[in-house]
Amino acid sequence: MERTYVMVKPDGVQRNLAGEIISRFEKKGFQLVGLKLMQITPELAGKHYGEHEGKPFYGELIDFITSGPVVAMVWQGQNVVSVIRNMMGKTNPAEAAPGTIRGDYAVFMGNNVVHGSDSPESAEREINLFFSPEELVDYKKATDFWLYGK
Ligand code: UDP
(Lines give C-alpha, C1' and ligand atoms only; values in the text may rest on other atoms or scores of the structure.)
Protein backbone atom coordinates (compact mmCIF):
# COMPACT_ATOMS: atom_id res chain seq x y z
CA MET A 1 0.00 0.00 0.00
CA GLU A 2 1.32 3.47 -0.94
CA ARG A 3 2.62 5.86 1.74
CA THR A 4 3.25 9.61 1.81
CA TYR A 5 4.92 12.16 4.05
CA VAL A 6 2.65 14.96 5.25
CA MET A 7 3.32 17.77 7.67
CA VAL A 8 1.33 20.52 9.27
CA LYS A 9 3.66 23.51 8.86
CA PRO A 10 4.44 25.96 11.73
CA ASP A 11 1.58 28.29 10.68
CA GLY A 12 -0.89 25.39 10.77
CA VAL A 13 0.21 24.39 14.27
CA GLN A 14 0.08 27.99 15.57
CA ARG A 15 -3.35 28.53 13.98
CA ASN A 16 -4.77 25.39 15.66
CA LEU A 17 -5.34 23.61 12.36
CA ALA A 18 -3.45 20.38 13.11
CA GLY A 19 -6.56 18.51 14.27
CA GLU A 20 -8.63 19.72 11.31
CA ILE A 21 -5.96 18.64 8.82
CA ILE A 22 -5.53 15.21 10.43
CA SER A 23 -9.30 14.84 10.54
CA ARG A 24 -9.70 15.41 6.79
CA PHE A 25 -7.27 12.61 5.90
CA GLU A 26 -8.77 10.34 8.57
CA LYS A 27 -12.33 10.88 7.31
CA LYS A 28 -11.21 10.31 3.71
CA GLY A 29 -10.19 6.79 4.78
CA PHE A 30 -6.40 7.02 4.88
CA GLN A 31 -4.47 5.25 7.61
CA LEU A 32 -2.07 7.05 9.93
CA VAL A 33 1.14 5.03 10.39
CA GLY A 34 3.46 7.67 11.92
CA LEU A 35 2.90 10.89 13.88
CA LYS A 36 5.02 13.30 15.93
CA LEU A 37 5.32 16.93 16.97
CA MET A 38 8.84 18.16 16.26
CA GLN A 39 11.04 21.19 15.75
CA ILE A 40 12.86 21.10 12.39
CA THR A 41 16.56 22.04 12.54
CA PRO A 42 18.10 24.20 9.78
CA GLU A 43 20.10 21.12 8.71
CA LEU A 44 17.00 18.95 8.29
CA ALA A 45 15.17 21.82 6.56
CA GLY A 46 18.05 22.09 4.07
CA LYS A 47 17.81 18.38 3.27
CA HIS A 48 14.02 18.43 2.96
CA TYR A 49 13.94 21.50 0.67
CA GLY A 50 17.28 20.81 -1.09
CA GLU A 51 15.66 21.04 -4.54
CA HIS A 52 14.83 24.72 -3.89
CA GLU A 53 18.34 25.79 -2.84
CA GLY A 54 19.39 28.89 -4.78
CA LYS A 55 15.82 30.02 -5.54
CA PRO A 56 14.80 33.53 -4.37
CA PHE A 57 12.39 32.23 -1.71
CA TYR A 58 14.77 29.59 -0.28
CA GLY A 59 16.03 31.62 2.72
CA GLU A 60 12.53 32.59 3.80
CA LEU A 61 11.33 29.03 3.31
CA ILE A 62 14.03 27.65 5.64
CA ASP A 63 13.40 30.41 8.23
CA PHE A 64 9.66 29.72 8.10
CA ILE A 65 9.77 25.94 8.35
CA THR A 66 12.15 26.16 11.36
CA SER A 67 10.16 28.95 13.06
CA GLY A 68 8.04 26.67 15.28
CA PRO A 69 6.99 23.06 15.72
CA VAL A 70 5.48 21.00 12.90
CA VAL A 71 3.30 17.88 13.03
CA ALA A 72 5.11 15.23 10.97
CA MET A 73 3.02 12.32 9.66
CA VAL A 74 3.05 9.29 7.43
CA TRP A 75 -0.28 8.37 5.80
CA GLN A 76 -1.04 5.17 3.93
CA GLY A 77 -3.70 4.20 1.36
CA GLN A 78 -4.49 3.62 -2.29
CA ASN A 79 -3.08 6.52 -4.41
CA VAL A 80 -2.43 8.40 -1.16
CA VAL A 81 0.33 10.63 -2.66
CA SER A 82 -1.78 12.18 -5.43
CA VAL A 83 -5.05 12.18 -3.49
CA ILE A 84 -3.50 14.08 -0.56
CA ARG A 85 -1.91 16.55 -3.01
CA ASN A 86 -5.39 17.18 -4.42
CA MET A 87 -6.87 17.55 -0.94
CA MET A 88 -4.13 20.11 -0.08
CA GLY A 89 -4.80 22.26 -3.15
CA LYS A 90 -2.42 24.34 -5.25
CA THR A 91 0.85 25.62 -3.72
CA ASN A 92 -0.36 29.21 -3.98
CA PRO A 93 -3.40 29.47 -1.67
CA ALA A 94 -4.81 32.27 -3.84
CA GLU A 95 -5.23 29.68 -6.61
CA ALA A 96 -6.21 26.74 -4.40
CA ALA A 97 -9.82 25.64 -4.91
CA PRO A 98 -12.37 26.07 -2.13
CA GLY A 99 -12.76 22.77 -0.31
CA THR A 100 -9.02 22.10 -0.38
CA ILE A 101 -6.97 22.68 2.79
CA ARG A 102 -5.00 25.58 1.32
CA GLY A 103 -8.12 26.93 -0.41
CA ASP A 104 -10.01 26.97 2.87
CA TYR A 105 -7.34 27.99 5.38
CA ALA A 106 -4.47 29.92 3.76
CA VAL A 107 -4.00 33.18 1.85
CA PHE A 108 -0.27 33.58 1.26
CA MET A 109 2.20 31.41 -0.71
CA GLY A 110 4.87 31.27 2.01
CA ASN A 111 2.40 30.29 4.72
CA ASN A 112 0.38 27.53 3.11
CA VAL A 113 -0.32 25.40 6.20
CA VAL A 114 0.54 21.93 4.93
CA HIS A 115 3.15 19.89 3.06
CA GLY A 116 2.62 16.63 1.18
CA SER A 117 5.12 14.65 -0.92
CA ASP A 118 4.75 15.26 -4.67
CA SER A 119 5.56 11.72 -5.90
CA PRO A 120 6.03 8.20 -4.48
CA GLU A 121 9.82 8.69 -4.88
CA SER A 122 9.79 11.97 -2.89
CA ALA A 123 7.55 10.28 -0.33
CA GLU A 124 10.09 7.53 0.31
CA ARG A 125 12.93 10.04 0.62
CA GLU A 126 10.98 12.34 2.95
CA ILE A 127 9.63 9.50 5.13
CA ASN A 128 13.22 8.29 5.66
CA LEU A 129 14.35 11.84 6.42
CA PHE A 130 11.77 12.44 9.13
CA PHE A 131 11.07 8.98 10.60
CA SER A 132 13.12 5.98 11.69
CA PRO A 133 11.64 2.57 10.75
CA GLU A 134 10.72 1.86 14.42
CA GLU A 135 8.55 4.97 14.50
CA LEU A 136 6.24 3.64 11.78
CA VAL A 137 3.52 1.31 13.01
CA ASP A 138 2.30 -1.63 10.93
CA TYR A 139 -1.28 -2.54 11.77
CA LYS A 140 -4.47 -3.73 10.14
CA LYS A 141 -7.58 -1.57 10.14
CA ALA A 142 -10.96 -3.25 10.34
CA THR A 143 -12.39 -0.58 8.02
CA ASP A 144 -10.21 -1.72 5.07
CA PHE A 145 -12.94 -4.06 3.85
CA TRP A 146 -15.43 -1.17 3.67
CA LEU A 147 -12.94 1.13 1.93
CA TYR A 148 -11.44 -1.29 -0.56
CA GLY A 149 -13.99 -4.10 -0.76
CA LYS A 150 -11.47 -6.74 0.32
N1 UDP B 1 7.24 28.53 -1.93
C2 UDP B 1 7.31 29.91 -1.83
N3 UDP B 1 7.40 30.66 -2.99
C4 UDP B 1 7.41 30.09 -4.22
C5 UDP B 1 7.35 28.68 -4.33
C6 UDP B 1 7.26 27.94 -3.16
O7 UDP B 1 7.28 30.45 -0.72
O8 UDP B 1 7.49 30.81 -5.23
C9 UDP B 1 7.16 27.72 -0.71
C10 UDP B 1 5.75 27.26 -0.43
O11 UDP B 1 5.53 27.33 0.97
C12 UDP B 1 5.77 25.80 -0.89
C13 UDP B 1 7.22 25.41 -0.60
O14 UDP B 1 7.98 26.58 -0.86
O15 UDP B 1 4.85 25.02 -0.19
C16 UDP B 1 7.73 24.25 -1.44
O17 UDP B 1 7.49 24.53 -2.79
P18 UDP B 1 6.92 23.41 -3.77
O19 UDP B 1 7.03 23.95 -5.16
O20 UDP B 1 7.61 22.12 -3.48
O21 UDP B 1 5.36 23.37 -3.41
P22 UDP B 1 4.47 22.29 -2.63
O23 UDP B 1 4.97 20.93 -3.04
O24 UDP B 1 4.64 22.56 -1.17
O25 UDP B 1 3.07 22.56 -3.09
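The values are calculated or read from the model by the stated rules, or taken from the named source; none is laboratory data. Just so we're clear, the structure is a prediction, and the values are computed from it rather than from any experiment. With ideal geometry, Cβ positions are generated from the backbone for all residues, glycine too; neighbour counts draw on all protein chains shown. Quick note on the areas: whole protein, heavy atoms, side chains included, nothing else; ligands and nucleic acids left out. Shrake-Rupley method; radii C 1.70, N 1.55, O 1.52, S 1.80 Å.
Does the stretch 78-95 contain at least one residue that is closer than 15 Å to PRO10 by Cα and outside any loop (DSSP other than H, G, I, E, B)? Write out each step before concluding.
Within the stretch 78-95, the first condition is being closer than 15 Å to PRO10 by Cα, and the residues that meet it are none.
Within the stretch 78-95, none of the residues are closer than 15 Å to PRO10 by Cα and outside any loop (DSSP other than H, G, I, E, B).
Residue by residue, here is whether (1) touching a helix residue (DSSP H, G or I) at 6+ places or on another chain (Cβ under 7 Å); (2) of a type in the set (Asp, Glu); (3) at pLDDT 95 or above; (4) open to solvent by 20 Å² or more (accessible area, probe 1.4 Å) holds:
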residue	(1), (2), (3), (4)
GLU26	no, yes, yes, yes
LEU35	no, no, yes, yes
GLY54	no, no, yes, yes
GLU60	no, yes, yes, yes
PRO69	yes, no, yes, yes
MET73	no, no, yes, no
GLN76	no, no, yes, yes
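Taking the residues in the stretch 12-23 that are in a helix (DSSP H, G or I) and either surrounded by fewer than 17 Cβ atoms within 10 Å (Cβ to Cβ) or free of Cβ contacts under 8 Å to residues at least 24 places away in the same chain (or both) as candidates, determine which candidate is farthest from the chain's Cα centre (by Cα).
Looking only at the stretch 12-23, we keep the residues that are in a helix (DSSP H, G or I), and these are 12-14, 18-23.
Among the residues that remain, those that are also either surrounded by fewer than 17 Cβ atoms within 10 Å (Cβ to Cβ) or free of Cβ contacts under 8 Å to residues at least 24 places away in the same chain (or both) are: 14, 19-20, 23.
Details: GLN14: 16, GLY19: 13, GLU20: 13, SER23: 13 Å.
Per the criteria, the residue is GLN14.
Got at least one residue in the stretch 102-124 being in a helix (DSSP H, G or I) and β-branched (Val, Ile, Thr)? Full working, then the answer.
The initial filter retains those residues of the stretch 102-124 that are in a helix (DSSP H, G or I), namely 102-105, 120-124.
Now restrict to residues that are β-branched (Val, Ile, Thr): none.
Taking every residue of the stretch 102-124 in turn, none turns out to be in a helix (DSSP H, G or I) and β-branched (Val, Ile, Thr).
With the requirement that a residue be modelled with pLDDT of 95 or more and either of a type in the set (S, T, N, Q) or within 12 Å of the ligand (Cβ to nearest atom) (or both), what does the stretch 124-147 give you?
Matches in the stretch 124-147: GLU126, ASN128, SER132.
Enumerate the pairs (first residue in the stretch 122-136 and under 16 Å from GLU51 (Cβ atoms); second residue anywhere and among the charged types (D, E, K, R) and not in a helix (DSSP H, G or I)) with beta-carbon separation below 7 Å, excluding pairs fewer than 6 apart on the same chain, so at least 6 apart or on different chains.
If the second residue must be among the charged types (D, E, K, R) and not in a helix (DSSP H, G or I), the pairs left are ALA123/ARG3.
Only residues that are within 13 Å of the ligand (Cβ to nearest atom), touching a residue at least 40 places away in the same chain (Cβ under 8 Å) and open to solvent by 20 Å² or more (accessible area, probe 1.4 Å): list them for the stretch 86-108, please. If you could, list the steps in order and put the result at the bottom.
Of the stretch 86-108, the ones within 13 Å of the ligand (Cβ to nearest atom) are 86-96, 100-103, 106-108.
Next, from what is left, pick out any that are touching a residue at least 40 places away in the same chain (Cβ under 8 Å): 87, 101, 106.
Matches in the stretch 86-108: MET87 only.
Out of all the residues in the stretch 108-128, which are more than 19 Å from ILE62 (Cα to Cα) and not small (Gly, Ala, Ser)?
If the condition is that a residue be more than 19 Å from ILE62 (Cα to Cα) and not small (Gly, Ala, Ser), then PRO120, GLU121, GLU124, ASN128 are the ones that fit.
If you go through the stretch 114-123 one residue at a time, how many are crowded, with 17+ Cβ neighbours inside 10 Å and more than 9 Å from the ligand (Cβ to nearest atom)?
1
Which ones in the stretch 37-91 are polar (S, T, N, Q) and within 17 Å of SER117 (Cα to Cα)? I'd like the intermediate steps shown before the answer.
First pass over the stretch 37-91, keeping only residues polar (S, T, N, Q): 39, 41, 66-67, 76, 78-79, 82, 86, 91.
Of everything in the stretch 37-91, those that are polar (S, T, N, Q) and within 17 Å of SER117 (Cα to Cα) turn out to be GLN76, GLN78, ASN79, SER82, ASN86, THR91.
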